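Some notes on the structure that comes next.
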Amino acid sequence: MLTRTDLRGSIPTLSQLRRALPRGGTDVNAVLDTVTPVVEAIAEHGVTAALDYTEKFDRVRPTSVRVPAEVIAQAREQLDPAVTDALQESIRRARLVHAAQRRENTVTQVVPGGSVAEKWIPVRRVGLYVPGGNAVYPSSVIMNVVPAQEAGVGSLVVASPPQADFGGWPHPTILAACSLLGVDEVWAVGGAQGIALLAYGGTDTDDADLDPVDLITGPGNIYVTAAKRLVRGVVGIDAEAGPTEIAILADETADPAVVASDLISQAEHDVLAASVLVTDSVALADAVDDVLATAASATKHGERVVTALTGAQSGIVLVDDLDAGLAVVDAYGAEHLEIQTRDAQAVADRVTSAGAIFVGTYSPVSLGDYSAGSNHVLPTSGSSKYASGLSVQTFLRGVHVIDYDRDALAEIADRVVTLANAEDLPAHGEAVQARFGGAAQ
């Protein structure tokens, strides 16, 4: 089922690996012409345009953008108790992990009388996008909200597509998750129009103000990604997320059924999802393919899974040994990387590029998706080589505070003037000299 790339007997360069490895992705540029008018209309007309596009794309028109408090409360009251319990435990674990990411202010005494401090300031207001589409994602509510709250963000809004089956409001499980987290502002708007409304704000149908945000986070489809690109600069964004992906580095000790189930689990998300096995064991590769031949189509979303597994973005990469396998997974830079080998922790310690690393048989990606305590909003399309997943840091700004007295400035003044003149910016040096009765006077 999975296409094979055989790298045995060679030591490919990084350039060759980038060309050889399975890679899917989406062409955001291809939809910019479609999305640009949507963003521009909402920038000019606000809520009216957002609701018009919502009616066009989602085939439902909410009576207001902001979800009424009683609708959110009712969703929580009617949530299955078992789901409530599972969400609460996931929230508890996520808070433990993200609370430990908080940054401390620092002060560095550079010279006597001269210091540079760094203080961490939360973003004023954030918009947290939770997609609809193929599935319901209360877990994404947790992954976006918890780090924002732990960072100390004072104002946040969750935006999620309205559902015709639920009175034009977001899915009740999404609303219930918001309630469990203490989020009382939820907007029934999704897609490109949702991103644009978060960026520009507007006036709701009841004349209430919809305050724009300063930062937008959260995954979405290609139209959401294109809209995030277009509003970047008006607001900050976390990333341009592509389709989800899993890479598994495994040797002959791995269980083929477990490996196959994990490849299927990510393929379940989307027909563009990437599932890649990197192994030095042909026997394992053959066994995994045998399992997939029946298990992939037998799962609930079998058609979607088979399409993803047989796409150009998925496959098996054969290597000579684990060292070569590590070179491959580092070049690939997977969103999710599982290590299913002997001494899995030691192998995981050697990985340098992955959004998140899952060590051993009992740390599946599914655990991280929901209840490990880690965050599942992660860099895709190889961007883990330079980017991180969503965390408390995403919602903080580091600001330097420079405090020099007269003597401390005097001690360095000549060097500042020298460097200013070297850069042909003499007024910079004169600004320093002016404090000592020099050039500016």
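The values are calculated or read from the model by the stated rules, or taken from the named source; none is laboratory data. Since the structure is predicted, the reported quantities are computational estimates derived from the model, not experimental observations. In this analysis, Cβ positions are derived from the backbone assuming ideal geometry, glycine residues included, and neighbour counts consider all displayed protein chains.
Things worth noting here:
- Residue in segment 231-243 that is at pLDDT 95 or above and part of a helix (DSSP H, G or I) present: yes
- Condition met for A227 (crowded, with 22+ Cβ neighbours inside 10 Å and either aromatic (F, W, Y) or at pLDDT 95 or above (or both)): yes
- The set of residues in segment 163-193 being closer than 14 Å to N144 by Cβ, in a helix (DSSP H, G or I) and over 21 Å from the mean Cα position of the chain (by Cα) consists of L180 alone.
- Residue within segment 132-148 that is outside any helix (DSSP H, G or I) and more than 30 Å from H301 (Cβ to Cβ) present: no
- Screening P212, P219 for residues that are outside any strand (DSSP E or B) and surrounded by fewer than 22 Cβ atoms within 10 Å (Cβ to Cβ) leaves exactly one candidate, P212.
- If you go through segment 84-137 and keep only what is touching a Leu at 6+ places or on another chain (Cβ under 9 Å), closer than 19 Å to V377 by Cα and modelled with pLDDT under 95, you end up with just R102.
- The condition of being crowded, with 24+ Cβ neighbours inside 10 Å, in contact with a Phe, Trp or Tyr (Cβ under 7 Å, 6 or more places away or on another chain) and either touching a residue at least 60 places away in the same chain (Cβ under 8 Å) or among the basic types (K, R) (or both) holds for V130.
- Residue count for segment 99-151, restricted to those that are within 30 Å of R76 (Cβ to Cβ) and charged (D, E, K, R): 4.
- A single entry from A285, A274, A344, A257 fulfils the requirement of being within 21 Å of the chain's Cα centre (by Cα) and assigned by TED's automatic domain parsing to the domain that holds V359: A274.
- Meets criteria (in contact with a strand residue (DSSP E or B) (Cβ under 9 Å, 6 or more places away or on another chain) and in the same structural domain as W187 (by TED's automatic domain parsing)) for T108: yes
- Any chance V401 is buried (at least 18 other Cβ atoms within 10 Å of the Cβ), more than 22 Å from N144 (Cα to Cα) and at pLDDT 95 or above: no
- Test: residue in segment 41-53 that is in a loop (DSSP other than H, G, I, E, B) and loosely packed, with under 14 Cβ neighbours inside 10 Å: no
- Check on T205, out of contact with any strand residue (DSSP E or B) (no Cβ under 7 Å at 6 or more places or on another chain), touching a residue at least 24 places away in the same chain (Cβ under 8 Å) and assigned to a helix (DSSP H, G or I): no
- When restricted to residues that are modelled with pLDDT of 95 or more, within 27 Å of the chain's Cα centre (by Cα) and either not in a helix (DSSP H, G or I) or not aliphatic (A, V, I, L, M) (or both), segment 54-78 contains 5.
- Close pairs from segment 380-391: first assigned by TED's automatic domain parsing to the domain that holds A247, partner surrounded by fewer than 16 Cβ atoms within 10 Å (Cβ to Cβ), Cβ under 8 Å, at least 6 apart: none
- Extreme residue, modelled with the lowest pLDDT, among residues of segment 1-17 that are out of contact with any strand residue (DSSP E or B) (no Cβ under 9 Å at 6 or more places or on another chain) and surrounded by 14 or more Cβ atoms within 10 Å (Cβ to Cβ): M1
- Those residues of segment 247-265 which are free of Cβ contacts under 8 Å to residues at least 60 places away in the same chain and either among the β-branched types (V, I, T) or assigned to a strand (DSSP E or B) (or both), in sequence order: I264
- Unmet criterion (only one of (1) free of Cβ contacts under 8 Å to residues at least 60 places away in the same chain; (2) surrounded by fewer than 19 Cβ atoms within 10 Å (Cβ to Cβ); (3) among the β-branched types (V, I, T)) for I121: (1)
- Residue count for segment 379-388, restricted to those that are surrounded by fewer than 20 Cβ atoms within 10 Å (Cβ to Cβ) and closer than 21 Å to V146 by Cα: 2
- Contact map, segment 295-322: first residue in the same structural domain as V259 (by TED's automatic domain parsing) and farther than 22 Å from T5 by Cβ, second residue surrounded by fewer than 24 Cβ atoms within 10 Å (Cβ to Cβ) and of a type in the set (D, E, K, R), Cβ cut-off under 6 Å, separation 6 or more or different chains; pairs are H301/E268.
- Condition broken by D323, with the remaining ones in (1) over 22 Å from A273 (Cα atoms); (2) acidic (D, E); (3) in contact with a helix residue (DSSP H, G or I) (Cβ under 7 Å, 6 or more places away or on another chain) satisfied: (3)
- Within the option set T244, T279, being in contact (Cβ under 8 Å) with a residue 12 or more places away in the chain, surrounded by 23 or more Cβ atoms within 10 Å (Cβ to Cβ) and under 28 Å from A148 (Cβ atoms) holds for one residue only, T244.
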